[in-house]
Amino acid sequence: MAKIAGHIARKQARRARINARLPVNVGGERGVTRDISTTGMFIIQSTPYEMGSRVDFWLDMDTPEGKVKLCCEGEVMRVEELDGKIGIGVRILSQDRKSHA
């Protein structure tokens, strides 16, 4: 039963994606998100990455409390070629919120 519950939870997490075009910085390169969820995001940028590789990325977000820089470490779970750009699906491994002064 736990195996089925885990599968359902993963499917629900996939459905919880929000289409969002936000500027993101991946390893020093600018990109843009295509969609985000509580566990990851899909990022379009120019540098190819290997499946399973670790990436550091950050994005600036406006929140009710003010501007926040979300700094993350992630694992590349998917790689796609998209009209001269590279799309990477990244699972968030860790994150840290930093308020802008």
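Here are the numbers:
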item	result
Residue list for the stretch 17-37, restricted to those being within 13 Å of Gly74 (Cβ to Cβ) and assigned to a loop (DSSP other than H, G, I, E, B)	Gly27, Ser37
When residues of the stretch 44-56 are limited to those that are among the hydroxyl-bearing types (Ser, Thr, Tyr) and closer than 14 Å to Asn25 by Cα, the one surrounded by the fewest Cβ atoms within 10 Å (Cβ to Cβ)	Ser46
Any hit, the stretch 36-43, residues being surrounded by 12 or more Cβ atoms within 10 Å (Cβ to Cβ) and over 15 Å from Ala20 (Cα atoms)	no
Only listed residue being at pLDDT 90 or above and over 13 Å from the mean Cα position of the chain (by Cα), chosen from Glu73, Glu29	Glu29
Flag for Gly66 being at pLDDT below 90 and of a type outside the set (Val, Ile, Thr)	yes
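The values are calculated or read from the model by the stated rules, or taken from the named source; none is laboratory data. Just so you know, these numbers come straight off a predicted model, no measurement behind them. All Cβ positions, even for glycine, are placed from backbone atoms using ideal geometry, and neighbour counts span all protein chains on display.
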